[in-house]
Structure formats: structure tokens, C-alpha cells
Amino acid sequence: MIKYLYMIMFSVLPVISALSQELRCNVTVNASKIQGTNKNVFSTLQTSLNEFMNGTKWTNHTFSEEERIDCSFFITINEYSGSRCAGSLQVQARRPVYGTSYQTIILNHVDEDFAFDYIEFDRLDFDLRTFKSNLTSLMAFYAYLILGIDYDSFSLKGGLPFFENAQLILNNAQRESYQGWNPYENANRKNRYWIIENILSSAYTHEHTAYYKYHRLGLDRLAEDIGEGRKQILQALSDIKRSFEELSEISTPYLRLFFDAKSDELINIFAEAPQADRAEAYKLLTVIDSFNPNKYMKISR
């Protein structure tokens, strides 16, 4: 696959293990808001989640150690009663940029509907075909979302099988009573249902093209040809603008995923660019990223 050929190009490290797991994941559980209870349950949970994420084989592909995707899951527990935990999850994933030591953020998302049942030393079971628990469904959903976005950044629509797996998890979880899996639960459509609905909708084809252009044709070219790299990134933003105009929506979950990960990076890319590139970037970004218009003033100066 393109991804593996590419990863070999920039890697100078020996292959450590051809059967290594896909994710290099760090899970942190913060239960500082919970008072008057045995905190060991949360340290046990953190250990179990790290083992689950780093020990599960998510694909049938082979990854060498240096190909593993760096990601972090920061879970904040705000409520704890009996076995029910409720709070939020911030998930972030990164990908290397060719010819540099820089890692670009490909996902930076906060899920405010993060609730699950857990008793200390519970076994964390997961089956793609059936619902086992909301905790493992949540973690697996984001594992496949990370894989999908990562693969999309290396080959055009390369992440489709992983997005479809995330959809299977969503479909199984919708029969349960947990929040975040159904279309009617969130007024601003920023839940798991709408994220996958957007990603798999034919209406968002331009976004998949943009992810590929931005990363593989844009960021990965900056080290060898900064002008061409910026040109491809501008074309990626133009692709997003086409969807924006066709959908006639100010913001969508898929667009939010992109700009939550990329807004600061885009400023760094264009802050020192030639005037024409800065002007074009500013014009595009202030239209398609309605949540951060003032942020991009740094580009216009």
C-alpha cells in the first residue's frame, strides 16, 4: 500500500516487529473531581485501557514499530455513581511529515458524551459484530476513526474500510441507552453519529480529497519545495470551500474535525508566505472556518 511504501522512504530505523500493533496509544484517566471513593478503580481503569488500546489488533495489516500511529486519549471523569462513570474524552492523533521531525495533528476532538459502566478489574471485551460494552465501543470507535483519517492522509479515500468499521460500532451501540450515538441527541450535530454520517456521505467527497492533498501533496512536499507544498494546501482549502458552498452550511462535524486539528498549523504555514499566498489563504479560511475568523488575522498582516 502507498502508506507503507511511503513510511519506508522516511524511516531509517530497522524494522523491529512486522506484527506490531497499529496504535502507539497513551490513555490517561483524570478522576480528580471525584471525592470520597476508592481512587484505585481509576488507576486500574487507566492501566486496562492502555492494555486494550495497545494490545488489540485493529486491522489485518502489518505495521512495523516506527509505523505505529501516535495517539492520546485523555478521559476526565466528572461523575461516578455505582458502576456508572460520566465525563469527557479528548482524543488526539498525530502523523509524521516527510523529510522532517515534525508530527502533524490529524485529529483533535473532544467528546462530551463519554459515559460508561465499569467495575474495577472488569474485562474489556470488544467484538466488531456485536455490542459488548459502551466503554470498549467508545474506545474502538475512536481507534477506527484515527485509522481512517490517517489512511486518508496517505492515499485518496484510503480510510474508507476503517470509517465503515466505526459505523458498525455506531449501529450496534444505537440499540443501547448511552448518549452520543444517535442523530437527535445533539443540537449542533457534533456527536459520533454525525461525524460518521458526514465522513461516509457522498456529499463530502471533496473533504476526502482535501485530506489527501493537504497531507500527502502539501505537508509532505514542504521540506523539498515549500512553494509547491503551499500551493497544494491552498488547493485542499479550495476543495473544502466547494463542499461548503454546495452544502450551504456554516459548519459541519467533518469540517470541525479538520479545523480543530489544523487551524494553528495553517497559521504557521502561511504566516511567512508570500503576500499572494497569505491573501488567498486568509480569504478561504475566513469563509470556511467560521469558528476561528479572528485567529487568521495573523495571516493577513
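A quick yes/no check of all residues on (1) assigned by TED's automatic domain parsing to the domain that holds ALA261; (2) assigned to a loop (DSSP other than H, G, I, E, B); (3) touching a Leu at 6+ places or on another chain (Cβ under 9 Å); (4) within 23 Å of GLN167 (Cβ to Cβ):
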residue	(1), (2), (3), (4)
GLU79	no, no, no, no
GLN90	no, no, no, yes
THR100	no, yes, yes, no
HIS109	no, no, yes, yes
PHE121	no, yes, no, no
ASP125	no, yes, no, yes
Set LEU234, LEU257, LEU247, LEU266: member being within 25 Å of ARG95 (Cα to Cα), over 19 Å from the mean Cα position of the chain (by Cα), surrounded by 15 or more Cβ atoms within 10 Å (Cβ to Cβ) and not assigned by TED's automatic domain parsing to the domain that holds LEU168: LEU234
Need pairs with beta-carbon distance below 9 Å; first residue over 15 Å from GLU22 (Cβ atoms) and within region 144-167, second polar (S, T, N, Q) and surrounded by fewer than 21 Cβ atoms within 10 Å (Cβ to Cβ); sequence gap 6+ or separate chains. LEU156/THR209; LYS157/THR205; LYS157/THR209
I'm checking my understanding of the structure. Among residues of region 182-229 that are aromatic (Phe, Trp, Tyr) and touching a residue at least 24 places away in the same chain (Cβ under 8 Å), which one is farthest from ILE149 (Cα to Cα)? TRP194
Taking interchain pairs and intrachain pairs at least six residues apart, which have beta carbon atoms under 7 angstrom, with the first residue in region 55-79 and within 18 Å of LEU124 (Cα to Cα) and surrounded by 15 or more Cβ atoms within 10 Å (Cβ to Cβ) and the second of a type in the set (Asp, Glu) and at pLDDT 95 or above? none
The conditions are (1) buried (at least 17 other Cβ atoms within 10 Å of the Cβ); (2) without any contact (Cβ under 8 Å) to a residue 60 or more places away in the chain; (3) touching an Asp or Glu at 6+ places or on another chain (Cβ under 7 Å), and HIS109 fails exactly one of them. Which is it? (2)
Being charged (D, E, K, R) and within 21 Å of LEU257 (Cβ to Cβ) narrows it down to one residue among ASP113, ASP122, ASP117, ASP127; which is it? ASP113
Condition test on ASP122, is it in contact (Cβ under 8 Å) with a residue 24 or more places away in the chain and surrounded by fewer than 21 Cβ atoms within 10 Å (Cβ to Cβ)? yes
Across region 154-194, the tally of residues that are closer than 23 Å to PHE258 by Cβ and in a helix (DSSP H, G or I) stands at 14
For region 246-289, enumerate the residues that are in contact with a helix residue (DSSP H, G or I) (Cβ under 9 Å, 6 or more places away or on another chain), of a type in the set (Ser, Thr, Tyr) and either under 26 Å from ILE196 (Cβ atoms) or outside any helix (DSSP H, G or I) (or both). SER251, THR252, TYR254, SER263
Can you pull out the residues in region 205-228 that are surrounded by 19 or more Cβ atoms within 10 Å (Cβ to Cβ) and either among the aromatic types (Phe, Trp, Tyr) or more than 23 Å from PHE244 (Cβ to Cβ) (or both)? TYR211, TYR212, TYR214, ASP220, ARG221, LEU222
Report, ordered by the first and then the second residue, all pairs with beta carbons closer than 8 Å, sequence separation of six or more or different chains, a first member in region 31-44 that is surrounded by 10 or more Cβ atoms within 10 Å (Cβ to Cβ), and a second member that is small (Gly, Ala, Ser) and not in a helix (DSSP H, G or I). LYS39/ALA31; PHE42/ALA31
The lone condition LYS157 fails out of (1) surrounded by fewer than 17 Cβ atoms within 10 Å (Cβ to Cβ); (2) in contact with a Ser or Thr (Cβ under 6 Å, 6 or more places away or on another chain) is (2)
Keeping to region 36-77, report how many residues are touching a Ser or Thr at 6+ places or on another chain (Cβ under 7 Å), in a helix (DSSP H, G or I) and charged (D, E, K, R). 2
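The values are calculated or read from the model by the stated rules, or taken from the named source; none is laboratory data. Model, not experiment: these values are computed from the prediction. Virtual Cβ from ideal backbone geometry, glycine too; neighbours counted across all protein chains shown.
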